[in-house]
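Q: One structure follows; several queries about it will come next.
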Amino acid sequence: MTQGKVKGIIANLVTVAVDGPVSQNEIAYISVGANATKLMAEVIKVTGENVYVQVFESTRGLKVGDNVEFTGHMLEVTLGPGLLSRNYDGLQNDLDKLTGVFLKRGEYNFPLDKEKLWKFEPIAKVGDQVEAAAWLGEVDENHQPHKIMVPFVMEGTYTVKSIVAAGEYKIEDTIAVLTDQEGNDHNVTMVQKWPVKKAILAYKSKPRPFKLLETGVRTIDTANPICEGGTGFIPGPFGTGKTVLQHAISKQAEADIVIIAACGERANEVVETFTEFPELDDPHTGRKLMERTIIIANTSNMPVASREASVYTSMTIAEYYRSMGLRVLLMADSTSRWAQALREMSNRMEELPGQDAFPMDLSAIIGAFYARAGYVYLNNGKTGSVTFLGTVSPAGGNLKEPVTEGTKKVARCFYALEQARADHKRYPAVNPIDSYSKYIEYPEFAEYISGLIDDKWIGKVVEMKTYLQRGKEIQEQINILGDDGVPVDYHEEFWKSEVIDFVILQQDAFDKIDAVCPLERQRYMLDLVMGICHSDYNFDNFLDVIDYFKRIINLCKQMNYSEFHSEDFENYQKKLNELLAEKQIKA
Amino acid sequence: MAKAFQKIFTEITAITKATCSLKAEGVGNDELATVNGKLAQVVKIMGDEVTLQVFQGTEGIPTNAEVVFLGKAPSLKVSDQLAGRFFNAYGDPIDGGPAVEGEEVEIGGPSVNPVRRKQPSELIATGIAGIDLNNTLVSGQKIPFFADPDQPYNQVMANVALRAQVDKIILGGMGLTNDDYLYFKNVFANAGVLDRIVSFVNTTENPAVERLLIPDMALAAAEYFAVQKHQKVLVLLTDMTLYADALAIVSNRMDQIPSKDSMPGSLYSDLAKIYEKAVQFPEEAGGGSITIIAVTTLSGGDITHAIPDNTGYITEGQLYLRRDSDIGKVIVDPFRSLSRLKQLVAGKKTREDHPQVMNAAVRLYADAANAKTKMENGFDLTDYDNRCLDFAKEYSNRILAIDVNINTTEMLDIAWELFATYFKPEEVNIKQALVDKYWKK
């Protein structure tokens, strides 16, 4: 392998003189200090005889002349059973296995358990023709069918020469022998490696997403639905409830595997995830949510280069589980921190800066990353998906900045968290008018949702949005002309939009019942609210309108706080009916 | 200064206002050096050319200055002797007392493994209702005041420090005016709590680049008390804007390409390294904690500037002060202030009705703000508008003002009293069960 010597150091960018070939993105280890602690680094630029590597750790004490060893491979993740319910850093070190309270630099570990026995069931048979990602067998990983696949790096077609019988095996045991077309045998174990920056393409096709991914959050499912395999992004000025919303989605969404990439965010938020997830009951299985969750944590104070790696590590693990025919939800908070890591490195390499000093190819990098999500048909006809939701943290809440703009070009759903709504405690503070879901325009989605709910659903949703839009326009008019300056009808129409806002859009993430709203209940509430909107009422003056609709909102909110169809719920429904009867004009 | 075995370099090849470069070998990154006795730190090595950041500035440094490398990163001697003392940015006493004996630790050390942290769950009561009720502080939290330079943030911070139930208070003063420095010193001395306080101070009279050492010094001391002595430590950092300005100076002198607002591209990571030292340790690790309250001064209230903007994404909320002209007092602004960790204690360590009462009151206060706009635009006000305005005035005076000093149960009772005085239950939008229990009839 190629060796080198340190020539120069600026923060975590190190210049190395080498004695042999190196490749872009190759991993190297630099020995530092009296104990020759090895620091992991990645090649990011080569000019003439200078090789620039970014070190994933602090370079304190590093000297000119220190030894560098190159490894001949890019940054890889280790894939195999035992990934679930672990907490990794951006380089896939198991955080729980690290010793001590403080992170020690140069301490790396193997991300899986080599000793654990897994109950293996073969799927492939001797003589089968297989290719990369074909399912050879299955182990039960926390109740998920974890497929053991032909390693993704194996190109071409192979014949299964032998496969072990059902039984217990360790991840490094050979479970199958495959013969290539030249007649060479290859041993396959349960563990494989894959370079994180390359997408795993071992599937047949990637259609447009069309299946609703239910999240239990009304402002998403009802107003702007996201699809299985879809992409979305949430920008949020700080303090608008981005994290709470993201947690709600990850807890509730209909996914088999949840991967949370805490990328350059606050450590206490990650601790919240670490603390809460093991406690959370999984609404889908009745067991613990953590059983099917992987957390990749690279908090803001951890080294910036591994922050950049962390989103790729997460995506690669997501693609791995997708290849098993599972539905994966990947949440990254925040992609802006990832972009900032790119900016820091570009800055140190003295590249000519693009807008806001970000690298010129930022939007291409973001696009390529989002493109790795998707709903796929695997080679065996089964389906799998990676749904990706990223947050962006736009500087000063200004959405006209490179990361948000680059993301907007590629993500299909947009959940616009808004400061003004947050200030008024209208949570989730997703602006209903600026937000969008492109999926609602897909005929594939319309067809799917007709089967799931009914064929009038999309029409109702569009109508609801029209009410909201109209409500906003009227509010502006009232602000200009005054309460007395507009007809009473205007107030009525405005307050109908307020009913939609308070009852459908707003949701209390901290209330046990209101936090999760199943689709059936969303349908009931939307019908209820649209019924209220469709009616005409008798009012003498605008004060009556305000008072009346506030009472309606209060009753509907109490319904949201009650168990669906419980006695309380039905009581509030009865009271609501009585209240409506007071003023409604019978058609 | 130089010891016998240390090599002395005397050929400076380049000097800027904050850095100088020389040919030297065997030098480690981040290592300290002295340049004609002035402390400096290695910031760049390229072949045999080493660039040093000179903390006191390079005024008077000649091209034949004597440079000695010290073979270590900046460090602080830590022990219980730190308590009650005042130090400069290098950790040397400025109170006339003796040097501190103790273990020498590198400052700016590694981060806590996130899985070894505990979720913060201890309330830090300040008696200020604008904080305790609406923006409850939690141990292990980091939160700044976003304030214009003319606002009384240092006074509020001193009050918070004195009332908070903590074992140690560490003051990191960056570019403090001498007056403010003396203010802190007097307040702490008069309150008789000097023995709980450690101060690292860089005043406006000291060189700007020295400030870069202050947060790391203060936090190294904080980590000593929190990790080794298992204490609850509160760190006050004022003013972080001046710290960031010093970062910009150095990066500018090193010809780095500036990003937004002339700040270095690494500003987010630089600030995060400091703020993320805030931590709650689990019982197994002694249960100590570090809480950081900082000040970020704004220019004309502009929070889109790179410093407050990056800070806001790192810290767990922010507190704003505002002069309320209706009552003529400074209040904690309920709209823009936020403690992100409040839900960890609100309604759990405080009475059950806390979260809903807090939100309802702020919502009504927002309605009052709308009513006020209407009034200013010359429109007629409804009865509800008028009630909101009356409510807002009393709420501002009895809850939001920074001179309030009561416990959270009293705060909640006052809020219910105000609700009942001005509103009907259905206007308040609180869960019925709580209304039944607490509504003042």
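The values are calculated or read from the model by the stated rules, or taken from the named source; none is laboratory data. Since this is a predicted model, take the numbers as computed values, not measurements. All Cβ positions, glycine included, derive from the backbone under ideal geometry; neighbour counts span all protein chains shown.
Q: Tally time: how many residues in the stretch B:66-79 are in a loop (DSSP other than H, G, I, E, B) and in contact with a Lys or Arg (Cβ under 8 Å, 6 or more places away or on another chain)?
A: 1
Q: What is the one condition in (1) under 30 Å from B:Lys229 (Cα atoms); (2) within 14 Å of chain A (Cβ to nearest Cβ); (3) buried (at least 22 other Cβ atoms within 10 Å of the Cβ) that B:Lys72 does not satisfy?
A: Unmet for B:Lys72, out of (1) under 30 Å from B:Lys229 (Cα atoms); (2) within 14 Å of chain A (Cβ to nearest Cβ); (3) buried (at least 22 other Cβ atoms within 10 Å of the Cβ): (3).
Q: Does the stretch A:62-82 hold any residues that are within 14 Å of another protein chain (Cβ to nearest Cβ) and not in a strand (DSSP E or B), and which are they?
A: Passing the criteria: A:Leu62, A:Val64, A:Gly65, A:Asp66.
Q: Quick one: which of A:Val461, A:Val410 is among the β-branched types (Val, Ile, Thr) and either assigned to a loop (DSSP other than H, G, I, E, B) or over 30 Å from A:Phe494 (Cα atoms) (or both)?
A: Matching residue, one of A:Val461, A:Val410: A:Val410.
Q: Can you tell me which of B:Thr296, B:Thr291 is touching a Gly at 6+ places or on another chain (Cβ under 7 Å), crowded, with 23+ Cβ neighbours inside 10 Å and assigned to a strand (DSSP E or B)?
A: On inspection, the qualifying residue turns out to be B:Thr291.
Q: Read through the list (1) away from chain B (no Cβ under 14 Å); (2) closer than 29 Å to B:Asp353 by Cα, then give the number of the only condition that A:Phe502 fails.
A: Going through (1) away from chain B (no Cβ under 14 Å); (2) closer than 29 Å to B:Asp353 by Cα one by one, A:Phe502 breaks only (1).
Q: Quick check on my filter: what residues within the stretch A:474-507 are acidic (Asp, Glu) and surrounded by fewer than 14 Cβ atoms within 10 Å (Cβ to Cβ)?
A: A:Glu476, A:Asp484
Yes or no, residue by residue, for (1) more than 10 Å from chain B (Cβ to nearest Cβ); (2) assigned to a helix (DSSP H, G or I); (3) farther than 30 Å from A:Leu112 by Cα:
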site: A:Tyr312; (1), (2), (3): yes, yes, no
site: A:Tyr320; (1), (2), (3): yes, yes, no
site: A:Arg343; (1), (2), (3): no, yes, yes
site: A:Gly367; (1), (2), (3): yes, yes, yes
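Q: Continuing with this model, one more query. What are the pairs with Cβ atoms under 8 angstrom where one residue, in the stretch B:230-242, is free of Cβ contacts under 8 Å to residues at least 24 places away in the same chain and the other, located anywhere, is β-branched (Val, Ile, Thr) and buried (at least 24 other Cβ atoms within 10 Å of the Cβ)? Sequence gap at least six, or different chains.
A: none
Q: What residue, of A:Gly156, A:Gly100, A:Gly90, A:Gly106, is outside the structural domain of A:Met40 (by TED's automatic domain parsing) and either modelled with pLDDT of 95 or more or more than 31 Å from the chain's Cα centre (by Cα) (or both)?
A: On inspection, the qualifying residue turns out to be A:Gly156.
Q: Hey, can you tell me all the residues within the stretch A:532-552 that are more than 8 Å from chain B (Cβ to nearest Cβ), among the β-branched types (Val, Ile, Thr) and within 19 Å of B:Glu427 (Cβ to Cβ)?
A: Selection gives A:Val545, A:Ile552.
Q: Right, here's the next one. Please find, among B:Pro215, B:Pro207, the residue that is out of contact with any Cys (no Cβ under 9 Å at 6 or more places or on another chain) and over 22 Å from A:Leu103 (Cβ atoms).
A: B:Pro207
Q: Still on this structure: How many residues are at positive phi and in contact with a Ser or Thr (Cβ under 8 Å, 6 or more places away or on another chain) when one looks only at the stretch A:218-254?
A: The total comes to 1.
Conditions tested, residue by residue: (1) modelled with pLDDT under 95; (2) crowded, with 22+ Cβ neighbours inside 10 Å.
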| site | (1), (2) |
| --- | --- |
| A:Thr179 | no, no |
| A:Thr189 | no, no |
| A:Pro195 | no, no |
| A:Ala199 | no, no |
| A:Lys204 | no, no |
| A:Arg208 | no, no |
| A:Thr215 | yes, yes |
| A:Asn224 | no, yes |
| A:Glu228 | no, yes |
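Q: Which ranges mark the strands (runs of 3 or more DSSP E) fully within the stretch A:176-294 that have 2 or more residues being without any contact (Cβ under 8 Å) to a residue 60 or more places away in the chain, under 25 Å from A:Met149 (Cα atoms) and in the same structural domain as A:Ala124 (by TED's automatic domain parsing)?
A: Here the list reads A:176-179, A:185-188.
Q: While we're looking at this one, here's another question. Can you work out which of the residues in the stretch B:247-273 that are over 22 Å from A:Ile9 (Cβ atoms) and outside any loop (DSSP other than H, G, I, E, B) is nearest to the chain's Cα centre (by Cα)?
A: Selected residue: B:Leu271.
Q: Could you grab the pairs with beta carbons closer than 6 Å, sequence gap of 6+ or different chains, first residue in the stretch A:146-163 and more than 24 Å from A:Trp118 (Cα to Cα), second one surrounded by 24 or more Cβ atoms within 10 Å (Cβ to Cβ)?
A: Pairs that qualify, where the first residue is more than 24 Å from A:Trp118 (Cα to Cα) and the partner is surrounded by 24 or more Cβ atoms within 10 Å (Cβ to Cβ), are A:Tyr158/A:Leu178.
Q: In the stretch B:345-358, which residues are facing another protein chain (nearest Cβ under 10 Å) and touching an Asp or Glu at 6+ places or on another chain (Cβ under 8 Å)?
A: Hit for the stretch B:345-358 is B:Gly347, nothing else.
Q: For residues that are without any contact (Cβ under 8 Å) to a residue 40 or more places away in the chain and assigned to a strand (DSSP E or B), scanning just the stretch A:124-145, find the one that is surrounded by the fewest Cβ atoms within 10 Å (Cβ to Cβ).
A: That would be A:Gln129.
Q: Continuing with this model, one more query. Going through the stretch B:425-441 one residue at a time, which ones are at pLDDT below 90, closer than 14 Å to B:Ala415 by Cβ and away from chain A (no Cβ under 14 Å)?
A: Scanning the stretch B:425-441 gives a single hit, B:Lys440.
Q: Which one of A:Glu115, A:Glu168, A:Glu121, A:Glu172 is in contact with an Asp or Glu (Cβ under 8 Å, 6 or more places away or on another chain), in contact (Cβ under 8 Å) with a residue 24 or more places away in the chain and surrounded by fewer than 16 Cβ atoms within 10 Å (Cβ to Cβ)?
A: Selected residue: A:Glu121, the only one of A:Glu115, A:Glu168, A:Glu121, A:Glu172 that is in contact with an Asp or Glu (Cβ under 8 Å, 6 or more places away or on another chain), in contact (Cβ under 8 Å) with a residue 24 or more places away in the chain and surrounded by fewer than 16 Cβ atoms within 10 Å (Cβ to Cβ).
Q: Now a separate question. Can A:Val516 be described as in contact with a helix residue (DSSP H, G or I) (Cβ under 7 Å, 6 or more places away or on another chain), not assigned by TED's automatic domain parsing to the domain that holds A:Ala429 and not in a helix (DSSP H, G or I)?
A: yes
Q: For A:Thr37, state whether it is more than 10 Å from chain B (Cβ to nearest Cβ), of a type in the set (Ser, Thr, Tyr) and in contact with a Leu (Cβ under 8 Å, 6 or more places away or on another chain).
A: no
Q: Next question. Checking B:Ala415 against (1) more than 12 Å from chain A (Cβ to nearest Cβ); (2) surrounded by fewer than 15 Cβ atoms within 10 Å (Cβ to Cβ); (3) in contact with a Leu (Cβ under 9 Å, 6 or more places away or on another chain), which test does it fail?
A: (2)
Q: Please state which one of B:Thr51, B:Thr63, B:Thr13 is more than 12 Å from chain A (Cβ to nearest Cβ), among the hydroxyl-bearing types (Ser, Thr, Tyr) and outside any loop (DSSP other than H, G, I, E, B).
A: Testing whether each residue is more than 12 Å from chain A (Cβ to nearest Cβ), among the hydroxyl-bearing types (Ser, Thr, Tyr) and outside any loop (DSSP other than H, G, I, E, B) leaves just B:Thr13.
Q: Just to be sure, is A:Val55 of a type outside the set (Asp, Glu), surrounded by 23 or more Cβ atoms within 10 Å (Cβ to Cβ), more than 29 Å from the chain's Cα centre (by Cα) and under 29 Å from B:Lys72 (Cα atoms)?
A: Judged against the criteria, A:Val55 is not a match.
Q: Go through (1) over 33 Å from the mean Cα position of the chain (by Cα); (2) in a strand (DSSP E or B); (3) not basic (Lys, Arg) and name the single condition B:Cys20 misses.
A: (1)
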